[in-house]
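Quick note: the coordinates plus some simple rules give every number you see, no bench work behind them. Computed from a predicted model, the values in this text were never measured in an experiment. Every residue, glycine as well, gets a Cβ built from its backbone with ideal geometry; the counts of neighbours run over all protein chains shown.
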Amino acid sequence: MRLYLKFFTMHLKSQMQYKTSFFLTAVGQFLVSFTALLGVWFMFLRFNEVNGFTFPQVLLCHAVVLLSFSLAECFGRGFDVFPQLIGNGMFDRVLVRPRSAVFQVLASQVEFSRIGRLLQALVVFIYAIPASGILWTWDRVVTLCLMIICGSFVFFFLFLVYAAISFFTIEGLEFMNILTDGGREFGRYPFAVYGKAVLGFLTYVIPLALFQYYPLLYLLGLETSRLYMLMPLLSLLFGIPAIAFWRFGLHRYRSTGS
Amino acid sequence: MQKYLAIFQIRFVNSLQYRTAALAGIATQFAWGFMEILAFQAFYRVDPSSFPMTLSQTVSYIWMQQAFLALFMNWFFEPEIFNAVMSGSIAYELARPIDLYSRWFCQAAANRLAKAVLRCMPILLVAFLLPEPFRMSLPASLPQFLLFLIAVFLGLGVIVSFSMLVYVTTFYTLSPIGTRLIAAILADFLAGAIIPLPFFPQPFRTITEWLPFASMQNMPLRIYSGHIAGHDALTGILLQIVWLTILILAGRRLMSRALRHVVVQGG
């Protein structure tokens, strides 16, 4: 942990050397999700609700997904660019060092420019938390925190799977984007909007709905069972196959040469 | 003319090499299109009367958008061109007996076209075979389809000439990140890549429909789906021609001004 903090400050210092570049990338990140938000807003100017959810309620969803995605991307960026590490043979160096591979990849990159997106998520929260008409009792506050924290973990595990696939393919698979970037983009609406089949897939296979849709029902008081409140914790189970897959890939890894 | 055709051909064949990447891309775009359609359907169920396009027009719009993504994506720029300006290898380009603007224009257009040709067929094929309500419909008539084809090529011209403006700004700023990012994001939104322009609220919608960005993907996709037809389609194509001319003239002018003062970096 101390070592990670050291890496963390190192990355922070190095990225602060290029302030303009950092600033512009952060602004870009902000704008990208801002246009997505504008799109949602335009849709709600025309339609007052979707599947029974109002605009502030949908925004709550949007902000949870955005915040957890940017947290995962900020810290898990190393896994996002992992295919390059495999491609140029640098991963071999990681393997000879006396620390775990996951730790080293994790520490290899911290992307601070994601703060643009983070900021946007916070602004949306500031608007949506009072506007959603939810009575914020302590259990609901806990639920919201669980949604964000577990969401970050699920996105992080997805990055891990993405990285593990490149053990076999060398290149990153564009198809995984539908789960990571797609999860972010389409997570702006509660997943039930997309119908039963998609909701089922996102509950049992890739548990994005477990930290987004079900706990949202609890927040809105549509479901009172504590089970819905604790659903986000269940999504953490996704970590088991994700880590197992990473280990399996690591085991099968053959270097691509220097 | 012949040399530009040759550049076009080289680029085209070159891009056709990456078939596996294309396959993965196709799968992604397919899933993406599905999710988009499902989201629009959810809104449609809430209130069909507020829907500015018919559902099948929206479905066609989305499938066409996914199929021709490579043709109309605003966030794609030629890294080679940026590198040429920043590394100084532009000096070689300038020594060639060829007009630089046209050369880059051909290169960018060919790359987009090749990517799109490779990717559109499987997506369209499946989209035509899907069960209702996901199935893509055929254009209303043959003339409508011909208008669509014209609009596609004009749209490609508009987007390439717009990105040429972004390349030219590299001469002035040397760091393309800022302009590139902001231009790409705004253009994407105003072109109707996030939600189709008819879904924009008034008066915002009327304003955006006159902007050059509406001449990119908005026009061909809506002509195909039949949302813009007959007389309106002809006016739209005229608008595309006007914007294309303005953008090319502006790009050429800016470029020749930049080249007069160009300082080549490095040796």
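Please report B:SER163, A:SER255 as a ranked list, fewest other C-beta atoms within 10 angstrom at the top and most at the bottom.
Ranking B:SER163, A:SER255 by Cβ neighbours within 10 Å, fewest first, gives A:SER255, B:SER163.
Using the Cα atoms as the points, what is the convex hull volume per residue of the range B:1-72 in Å³? Walk me through the intermediate numbers first.
On the way: hull volume 6.7 nm³, N = 72.
With only Cα atoms used, the range B:1-72 gives 93 Å³ per residue.
Any chance you could check the Cα centroid distance between the range B:134-154 and the range A:171-244 for me, in angstrom?
A separation of 38 Å, based on Cα centres.
For the protein assembly as shown, what does -39500 (n - 2.57) per DSSP helix run (n ≥ 4), summed and divided by total residues, give at 222 nm, in deg cm²/dmol to the nearest 500?
-24000 deg cm²/dmol
So if I average 1/r over every pair of distinct C-alpha atoms in the protein assembly as shown and take the inverse, what Kirkwood radius in Å does that give?
Roughly 24.9 Å, rounded to one decimal.
Thinking of the range A:1-145 as a set of Cα atoms, what percent of all their pairs are more than 19 Å apart?
Cα-Cα pairs in the range A:1-145 separated by more than 19 Å: 63 percent.
Would you mind getting me the FRET efficiency between A:ASP139 and A:MET1? Use the beta-carbon distance for r and R0 = 30 Å, nearest 0.05. Walk me through the numbers on the way to the answer.
Values: r = 31 Å, r/R0 = 1.02.
Computed FRET efficiency for A:ASP139 and A:MET1: 0.45.
Ranked from highest to lowest mean number of other Cβ atoms within 10 Å per residue, what is the order of the peptides B:213-225, A:182-194, A:61-73, A:226-238?
Numbers: B:213-225: 27.9, A:182-194: 22.7, A:61-73: 24.9, A:226-238: 18.2.
The most tightly packed comes first, giving B:213-225, A:61-73, A:182-194, A:226-238.
For chain A, state what percent of all Cα-Cα pairs lands in each successive 10 Å bin, counting from 0 Å until the bin that includes the largest distance.
7, 29, 33, 22, 8, 1
Could you give the angle, 0 to 90 degrees to the nearest 10, between helix B:100-129's Cα long axis and the longest principal axis of the Cα atoms of chain B?
For B:100-129 against chain B, the angle is about 20 degrees.
For helix B:55-67, report the angle its Cα long axis makes with the longest principal axis of the Cα atoms of chain B; keep it between 0 and 90° and round to the nearest 10°.
Result, in degrees: 30.
Taking each residue of A:44-50 in turn, how many C-beta atoms of other protein chains fall within 10 Å of its C-beta, and what is the average?
6
Ratio of Rg to Rh for the range B:2-260, alpha carbon only, Kirkwood?
Result: Rg/Rh = 0.98.
Give the long-range amide H neighbours of B:ILE194: residues separated by 5 or more places, or on another chain, with amide H under 5 Å away, using H modelled in the peptide plane at 1.01 Å from N.
none
Checking understanding here: applying a Kyte-Doolittle mean of at least -0.5 and a length along the axis of at least 18 Å (C-alpha), which whole DSSP H helices in chain A pass?
Answer set is A:2-16, A:19-46, A:55-80, A:115-131, A:138-169, A:239-252.
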